[in-house]
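Chemist: Once you've had a glance at the structure underneath, I'll fire off some questions.
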Amino acid sequence: MDLDPLLLARIQFAANISFHILFPAISIGLGWILIYFRLRYTRSGDKAWEYAYQFWVKVFALTFAMGVVSGITMSFQFGTNWPGFMEKAGNVAGPLLGYEVLSAFFLEASFLGIMLFGKNRVSNRVHLISSFFVAFGTTLSAFWILSLNSWMQTPTGYHLEDGVVMVDSWMEVIFNPSFPYRFFHMLAASVLTSAFLVAGVSAWRALHEVDGPATWRVMRTGVLLAAVMAPLQIFIGDLHGINTLEHQPAKIAAMEAVWETGREVPFTVVAFPDQETRSNRWALEIPYGASLILTHSPRGEVQGLNDFVGKHPPVAVVFWSFRVMLGIGVLMLLVSWWAAWQLFRRGKAGRPVLMALAAMTFSGWVAVLAGWYVTEIGRQPWIVDGVFTVSDVVADHSSATMSGTLFGYILLYLFLLASYIGALRQLAKKPAASLQLGPTPHFDTSARA
Amino acid sequence: MEYWLPVFYMAAMGLALLVYVILDGYDLGIGMLLPLAEESEKDVMVASIGPFWDANETWIVLGVGILLIAFPIAHGIVLTHLYLPVTIMLMGLILRGVAFDLRVKAGDHRRTLWNRAFFIGSTVAACAQGWMLGSYITGLEDSTLSLVFSVLTAATLPALYLVLGCGWLLIKTEGRLLDRAIGWARAAVWPMGLGLLVVSIATPIVSQTIADKWFSLPNFLWLAPIPVITSLLYLGLLLMLRRDELLQGSRNWLPFAAVILICLMAGLGLAYSLFPDIVMNRMTIWEASASVKSLQFTLVGVVITLPAILVYTLFVYRVFRGKATTLSYD
């Protein structure tokens, strides 16, 4: 078997980072949702909120552990797979990753112990503060990582010296042009992902009639959050797209499968982009659409892929990933509003709504992955846009080593993913046997860590 | 600045990795001991490390992080060369880390499976780390001698972790499990001692550079306290492990402290052997260092956060002081 080591290195890194992002995508949002449950309980003394916390903190612990172990893998793979990246861009990547570990990783990892197991060992206040540090740590972690990723997309504040990046201004490096958009896009994605997880699992439990009132209360929280975040996310995504058009026009051209530069560019709803003939086979188009969306003017100019021959990403995969993300985004909006309308206007949700929510439990994952494929594959062939290409920095492992370890990783990750979902199912199935939500508030969960 | 910044980062990296070996060492050691315990005892053993393991593991990320921040060129060389053991270690750490949760959340029928995963993950990670250490000391060469040495360290580090794990159990457990832990400690202390002795003798044999650094006057006299103190600590450890009343009493933390000091001594010896090379015989810390501007920028962060990390780490250990009971989310 003769596979290109560069391709293998990319697939391996992509497999790892795809697996990893699934868990922060939940824990960033879920951390704050847990604080909300905690505060509601502290304020009202209503056992249902404590019950909600007890249930979801277990999911959080599991998710967090999966995120930590796959995140540690990431920190090593920068060096094992892309040694050239650290040699050339280490002056930027090193400090940003370093600040992530020092300011965020230690914070969340240390206070997690108190958050999970320390409720009886510290005061309510200290426990709340610990939970806050964990949630804050996960968000801060995202801040540094997205800053570095954004710098790779839109590098500023540096100059090259003998082919090595030297920093001129840290403010410009950290707050590079695409950073604010990518950061808030990812945070909103995480909140949406966890909102649908919370709503979906609760709907599943409601369908199976596990734990009545508390389940419904949690579902309402998830649905309301999703209904608010879905339109907000579409708005942020639109801003992000306009920013990308300004800085990475080749990526936008691939996302929209636009080959020729022009004005009055239509929006291609579906098509089969063919890189051989450099054209779209069978395209369904909306006139003026792309110009309107990207420049907010029907006459706006959109650059085509033919302006970037040899320096643009593979078109079909970026085009389709973008449509998957967009499709799920719209679906999220429709389902969350439909569910919100039933839950809050009629006080009850019917079976179709519950089934739709349950089916959408992991929809956030698909959208997050699709979105990352758009932005990461859309950056190819560059690793730092316009500065270094991916092939400049790859390690020279034999393809036998690479395919062997790749096989091992993929097997492990599939097994872990199945175990994770299996464990969620186990947790969801189990009613809190000793929980009485009636007038006698006797609360003694036998849940063990 | 050009001289001292890399030295500072080298020291910080060494410290982070030393703290990692001690902290994750004890919980990997407990993972390796897991099959020896009875079902109910397994829960207590896992509970004794449950609140800490996550933060413990972060120290290796900091160590590798500093390698990346301060010595980006060496980071590439070292990790490319150690690709295979690093990958194996990561898979072990992944398995061990998820097993913490899944052994109780995946349902009772899966418990045995995840207990086994916990054990295998811990053992594999410990052995892979020993292998990496050996390979690093011998300058990342592919010679047979280097390979033999790596096998030796791959057996010694897990033995050290086992004793650390026992030491932690002495502090955190009581009753029958404590009796068992005492038995394990008495057994595990021998392979550890043998391993450390053989590695200490083998190191100057496999590395001429290290031999030259140690066996020349007056260096030898300055360095003599390191092996002498280590030997005394080891003897002390042996004596302590023979005294039941000490192990059952309030000074049961002494064996753990002795092993920590042995780790510290080994760390000092290793640091002296390697300095100033970041890749043995190939690259000094100054040749591998990042730009002064980048190092200064991160220095600010290190100076502010590291003391804070130490303070809240101590705080967490204080919160969970005393004997371990089964963990609960209450």
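Please treat every number below as a calculation from the coordinates, not as lab data. Since we're looking at a predicted model, the values are computed, not measured. Don't worry about glycine lacking a Cβ; one is built from the backbone with ideal geometry, like all the others, and counts go over all protein chains shown.
Chemist: Two decimals, Cα atoms only, Kirkwood Rh: what is Rg/Rh over region A:68-150?
Modeler: For region A:68-150, the value is 1.11.
Chemist: Same structure, new question: Find the relative contact order for region B:56-210 and round it to a whole percent, using C-alpha pairs within less than 8 Å whose residues are 6+ positions apart.
Modeler: The value is 18 percent.
Chemist: If you take the C-alpha gyration tensor of region A:235-289, multiply each eigenvalue by 5 and take the square root, what semi-axes do you get, largest first, in whole Å?
Modeler: 20, 13, 10
Chemist: In whole angstrom, and with the biggest value first, how far do the Cα coordinates of region B:23-122 range along each principal axis?
Modeler: Computed over the Cα atoms, the extents are 48, 23, 22 Å.
Chemist: Let me ask something additional. Ranked highest first by average number of other Cβ atoms within 10 Å, how do A:191-204, A:115-128 line up?
Modeler: Averaged packing, sorted descending, gives the order A:191-204, A:115-128.
Chemist: Could you size up the charge dipole of region B:9-290 around its Cα centre, putting +1 on the beta carbon of Lys and Arg and -1 on that of Asp and Glu, and report it in debye to the nearest 20?
Modeler: Roughly 340 debye, rounded to the nearest 20.
Chemist: Can you tell me the 0 to 90 degree angle between the C-alpha axis of helix A:179-207 and the longest principal axis of chain A, rounded to 10?
Modeler: 40
Chemist: Find the Cα radius of gyration of region B:183-265, compare it with 2.2 N^0.38 Å by division, and give the number to two decimals.
Modeler: So the Cα radius of gyration is 1.30 times the expected 2.2 N^0.38 Å.
Chemist: Right, next: Could you grab the relative contact order for chain B? Cα pairs under 8 Å, six or more apart, rounded to a whole percent.
Modeler: Relative contact order here is 25 percent.
Chemist: Also, quick follow-up: Please give the average number of partner chain Cβ atoms lying within 10 Å of the Cβ of each residue in B:288-300, rounded to a whole number.
Modeler: The mean count of partner-chain Cβ atoms within 10 Å per residue comes to 5.
Chemist: Quantify how much of the Cα-Cα distance distribution of region B:9-290 extends past 34 Å, in percent.
Modeler: Every Cα pair in region B:9-290 considered, those over 34 Å come to 20 percent.
Chemist: Using a 10 Å cut-off on Cβ to Cβ distances, tally the other chain neighbours for every residue of A:401-408 and report the average as a whole number.
Modeler: 2
Chemist: Which peptide among A:414-427, A:358-371 comes first, and what is the full order, when sorted by highest mean count of other Cβ atoms within 10 Å?
Modeler: Per-residue mean Cβ counts within 10 Å order the peptides as A:358-371, A:414-427.
Chemist: Per residue of B:56-65, count partner chain C-beta atoms within 10 Å of its C-beta, then hand back the mean as an integer.
Modeler: Taking the mean over all residues of the peptide, I get 6.
Chemist: Taking Cα atoms, how many degrees apart are the long axis of helix B:72-81 and the longest axis of chain B, rounded to 10 and kept between 0 and 90?
Modeler: Roughly 60 degrees between the two axes.
Chemist: Rounding to the nearest 10 and keeping the result within 0 to 90°, find how far the Cα-based axis of helix A:315-341 lies from the longest principal axis of chain A.
Modeler: 30
Chemist: By average Cβ neighbour count within 10 Å, what is the ranking of A:324-330, B:152-158 from highest down?
Modeler: Descending mean neighbour count gives B:152-158, A:324-330.
Chemist: Hey, what number do you get for chain A at 222 nm if only DSSP H runs of n ≥ 4 count, each worth -39500 (n - 2.57), divided across all residues, to the nearest 500?
Modeler: -23500 deg cm²/dmol
Chemist: Okay, moving on. What translational diffusion coefficient, to the nearest whole µm²/s, does the protein assembly as shown have by Stokes-Einstein, given a Kirkwood radius computed over alpha-carbon pairs, a temperature of 4 °C and 1.567 mPa s viscosity?
Modeler: The estimated diffusion coefficient comes to 46 µm²/s.
Chemist: Give me P(r) over chain A, computed from all C-alpha to C-alpha distances, binned every 10 Å, as integer percentages.
Modeler: Each 10 Å bin holds this share of Cα pairs: 4, 19, 28, 25, 16, 6, 1, 0.
Chemist: Net charge near A:His312, counting Lys/Arg +1 and Asp/Glu -1 over other residues with Cβ under 11 Å of its Cβ?
Modeler: Taking every Cβ under 11 Å from that of A:His312, the sum is +3.
Chemist: Return a whole-number percent for the relative contact order of region B:1-126, with Cα pairs under 8 Å and 6 or more residues apart as the contact set.
Modeler: 32
Chemist: Based on C-alpha coordinates, I'd like the Rg and Dmax of region A:1-158, in Å.
Modeler: So, for region A:1-158, Rg and Dmax equal 18.6, 64 Å respectively.
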